[in-house]
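S.K.: Below are the structure tokens for one structure; questions will follow.
The values are calculated or read from the model by the stated rules, or taken from the named source; none is laboratory data. In this text, all values refer to a predicted model and were calculated from it rather than measured experimentally. Quick reminder, even Gly has a Cβ in these numbers, built from the backbone with ideal geometry, and neighbours come from all protein chains shown. Protein only, heavy atoms only, side chains kept; ligands, DNA and RNA dropped before computing areas. Shrake-Rupley method; radii C 1.70, N 1.55, O 1.52, S 1.80 Å.
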Amino acid sequence: MRLSHSLVPTLKETPTEAQIVSHRLMLRAGLVRQTAAGIYAWLPAGLRVLQKVAQIVREEQDAAGAQELLMPTIQPAELWRESGRYEDYGKEMLRLKDRHERDLLYGPTNEEMITDLFRQSVRSYRALPQILYHIQWKFRDEVRPRFGVMRGREFLMKDAYSFDIDYAGAVASYRRMMLSYMRTFRRMGLKAIPMQAESGPIGGNMSHEFIILAPTGESAVYYDAAFEEIDYSASGFDIFSEADLERFFGLVTTHYAATDEKHNPAVFAALEAGRRREGRGIEVGHVFYFGTKYSAAMGFAVAGPDGRPVAPEMGSYGIGVSRLVGALIEAFHDEAGIIWPDAVAPFRAAILNLKAGDPACERMAEDLYAKLAPSVLYDDREERAGVKFADADLMGHPWQLIVGPRGAARGQVELKRRASGERQELSLDSALAQIV
RNA sequence: CGGGGCGUGGCGCAGCCUGGUCAGCGCGCGUGUUUUGGGUACACGAGGCCGCCGGUUCGAAUCCGGCCGCCCCGACCA
């Protein structure tokens with residue numbers, strides 16, 4: 001992308017409404033713009049991040065054997081009347097009427113709809129287990145949206161639903177999703193910790209929330225350093241082995257971990273001093289097991305091995321995709337701006353032409369751009385060097401390819417790593433080799 | 001939903017209390033000169049129904065009423 005003709009409106013000053021770091025930086029770096037309270041437009045650079053985050057989530061869901069589908073944002077009220085939640089959900093649900101006065105709603109979650117889809121077609125226990133997910137916009141009419149994209153009313157969520165024939169199966173699905181989540185967050189460079197949670201309005205009796213660590217997180221967290229030593233990768237656990245899943249679940253649930261509201265100082269103090277970790281965290285995911293709550297309420301049963309009907313055991317698993325973008329910034333930033341982990345950066349690198357109009361610089365910058373487009377942002381604006389440096393730091397590209405008259409004369413480019421600030425003078429080829 | 005606050009060019013703000021040469025400042029934007037490796041300097045210029053509706057008044061950004069929108073703290077949540 002050429003910055004001179006892109007809608008990436010960076011801001012020198014911070015809009016007053018933005019109070020937390022990620023919100024300020026998202027506005028300043030030109031990633032999003034607010035359209036109404038808790039509702040945001042994702043501008044080109046922001047959308048690239050959102051899509052990268054979604055893609056990592058998608059790949060890890062697929063790797064855990066989940067199937068992707070896409071359910072609509074608008075749902076008929078009937079489905080929710082069947083489960084009883086049309087009345088229960090309250091004002092957070094955005095209710096609509098179509099031209100025929102039919103009651104509709106903008107989905108805040110999809111348990112009813114997925115159950116309906118399953119009961120239409122699945123008749124036998126032999127088709128189970130299955131896990132389905134989609135990545136779709138949700139709307140929850142929060143009383144008080146805040147923190148920018150972290151607590152919006154409209155948000156992008158990955159929600160998965162598991163169907164098993166019995167409790168043991170449901171437990172395995174639940175654990176499989178948990179492991180998938182740990183891998184997902186790790187791929188983004190985040191440290192995540194699963195914590196015992198209340199199951200809230202979704203209902204059920206087993207629930208964990210996933211907190212990622214960030215210095216500016218919303219709540220204090222206390223945990224055992226053992227979490228940092230677990231190898232969640234395929235070499236640590238086979239995600240399709242029930243024995244491995246059980247071992248994984250055991251590790252992840254026995255070590256101490258709590259947010260401030262559930263923190264038990266006495267238990268924490270009993271931990272060996274060297275293992276006690278305190279930090280701040282942000283909730284980015286939540287998993288629930290709720291048994292037959294929806295299948296029973298909505299009359300969904302399959303034939304069991306003995307031919308008699310059985311209501312499948314279900315669970316649901318959410319990751320706040322758009323929230324993650326904000327959470328990532330909370331976890332990775334400094335005074336100058338965002339520091340994107342490579343895996344989610346909107347652009348791998350920025351090319352800074354320090355002297356637009358200079359033939360040698362133009363040639364070198366264009367050459368680099370031709371080789372790296374479209375995964376790179378070319379700052380070809382007629383701006384001073386300082387402006388370009390400041391904007392590149394703000395936007396947080398992992399690498400900066402700095403093309404100036406000094407180096408261009410010698411066929412050299414300066415490569416800067418945003419995270420460490422390290423710079424090195426290199427030939428074009430070795431610079432390219434480094435950032436690919 | 002309870003409490004607090006704010007709406008004035010794209011952004012950040014002053015002006016309001018004490019109505020009238022009050023529509024202003026900084027940044028940004030355009031043109032020119034200047035500068036040329038960390039948000040350069042100067043000059044000229046464009047840009048605003050002062051959130052909306054109504055009222056008071058000879059006169060309203062300023063006073064009064066209603067409405068709308070947004071933010072912050074708290075209770076609640078992916």
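S.K.: Counting just the residues of segment A:312-331 that are open to solvent by 10 Å² or more (accessible area, probe 1.4 Å) and within 22 Å of A:Y133 (Cα to Cα), which one comes out farthest from RNA strand B (Cβ to nearest atom)?
M.R.: A:E313
S.K.: Restricting to segment A:140-167, count the residues that are farther than 19 Å from A:Q51 by Cα and more than 8 Å from RNA strand B (Cβ to nearest atom).
M.R.: Summing the residues that are farther than 19 Å from A:Q51 by Cα and more than 8 Å from RNA strand B (Cβ to nearest atom) in segment A:140-167 gives 8.
S.K.: Also: Pick from segment A:103-125 the residues that are touching a residue at least 60 places away in the same chain (Cβ under 8 Å) and in a helix (DSSP H, G or I): which of them is most open to solvent (accessible area, probe 1.4 Å)?
M.R.: A:Y125
S.K.: Which condition number does A:R406 fail, the rest of (1) out of contact with any helix residue (DSSP H, G or I) (no Cβ under 8 Å at 6 or more places or on another chain); (2) touching a residue at least 40 places away in the same chain (Cβ under 8 Å) being met?
M.R.: All conditions pass for A:R406, except number (2).
S.K.: Please go through segment A:259-297 and give me each residue that is of a type outside the set (D, E, K, R), surrounded by 15 or more Cβ atoms within 10 Å (Cβ to Cβ) and over 30 Å from A:S162 (Cα atoms), ordered by number.
M.R.: A:H263, A:F268, A:L271, A:G279
S.K.: Okay, moving on. Within segment A:366-401, which residues are open to solvent by 10 Å² or more (accessible area, probe 1.4 Å), in contact with a helix residue (DSSP H, G or I) (Cβ under 9 Å, 6 or more places away or on another chain) and not in a helix (DSSP H, G or I)?
M.R.: Residues satisfying the conditions are A:D380, A:R381, A:E382, A:E383, A:W399.
S.K.: Would you check if there is a residue in segment A:223-245 being closer than 30 Å to A:E112 by Cα, open to solvent by 20 Å² or more (accessible area, probe 1.4 Å) and modelled with pLDDT under 95?
M.R.: No.
S.K.: Still on this structure: Which of the residues spanning segment A:347-365 are away from RNA strand B (no atom under 14 Å from the Cβ), within 17 Å of A:I435 (Cβ to Cβ) and open to solvent by 10 Å² or more (accessible area, probe 1.4 Å)?
M.R.: A:R348
S.K.: State which residue pairs qualify: first residue open to solvent by 40 Å² or more (accessible area, probe 1.4 Å) and inside segment A:60-80, second residue in a helix (DSSP H, G or I) and of a type in the set (K, R) in any location, beta carbons under 7 Å apart, and separation of 6 or more residues or different chains.
M.R.: Note: pairs meeting the criteria are A:E68/A:R58.
S.K.: For residues that are modelled with pLDDT under 95 and hydrophobic (A, V, I, L, M, F, W, C), scanning just segment A:402-425, find the one that is surrounded by the fewest Cβ atoms within 10 Å (Cβ to Cβ).
M.R.: Among those residues, the one meeting the criterion is A:A409.
S.K.: Can I ask one more? Within segment A:366-378, track down each residue that is farther than 18 Å from A:R406 by Cα and either within 12 Å of RNA strand B (Cβ to nearest atom) or of a type outside the set (S, T, N, Q) (or both).
M.R.: Of everything in segment A:366-378, those that are farther than 18 Å from A:R406 by Cα and either within 12 Å of RNA strand B (Cβ to nearest atom) or of a type outside the set (S, T, N, Q) (or both) turn out to be A:Y369, A:A370, A:K371, A:L372, A:A373, A:P374, A:V376, A:L377, A:Y378.
S.K.: Name the one entry in A:G304, A:G291, A:G315, A:G326 that is in contact (Cβ under 8 Å) with a residue 60 or more places away in the chain and on the phi > 0 side of the Ramachandran plot.
M.R.: On inspection, the qualifying residue turns out to be A:G291.
S.K.: Restricting to segment A:249-270, count the residues that are of a type in the set (F, W, Y) and within 24 Å of the chain's Cα centre (by Cα).
M.R.: So the answer is 1.
S.K.: What number of residues within segment A:332-343 are surrounded by fewer than 24 Cβ atoms within 10 Å (Cβ to Cβ), under 23 Å from the mean Cα position of the chain (by Cα) and more than 9 Å from RNA strand B (Cβ to nearest atom)?
M.R.: Result for segment A:332-343: 7.
S.K.: Looking only at strands (runs of 3 or more DSSP E) that lie completely in segment A:1-102, which have at least 3 residues being away from RNA strand B (no atom under 15 Å from the Cβ), touching a strand residue (DSSP E or B) at 6+ places or on another chain (Cβ under 8 Å) and not charged (D, E, K, R)?
M.R.: Hits in segment A:1-102: A:74-76.
S.K.: Could you tell me whether A:P309 is of a type outside the set (A, V, I, L, M, F, W, C), touching a strand residue (DSSP E or B) at 6+ places or on another chain (Cβ under 8 Å) and open to solvent by 10 Å² or more (accessible area, probe 1.4 Å)?
M.R.: yes
S.K.: Still on this structure, I have one more. Go through segment A:382-409 and report how many residues are more than 6 Å from RNA strand B (Cβ to nearest atom) and within 32 Å of the chain's Cα centre (by Cα).
M.R.: Residues flagged as more than 6 Å from RNA strand B (Cβ to nearest atom) and within 32 Å of the chain's Cα centre (by Cα) within segment A:382-409 amount to 9.
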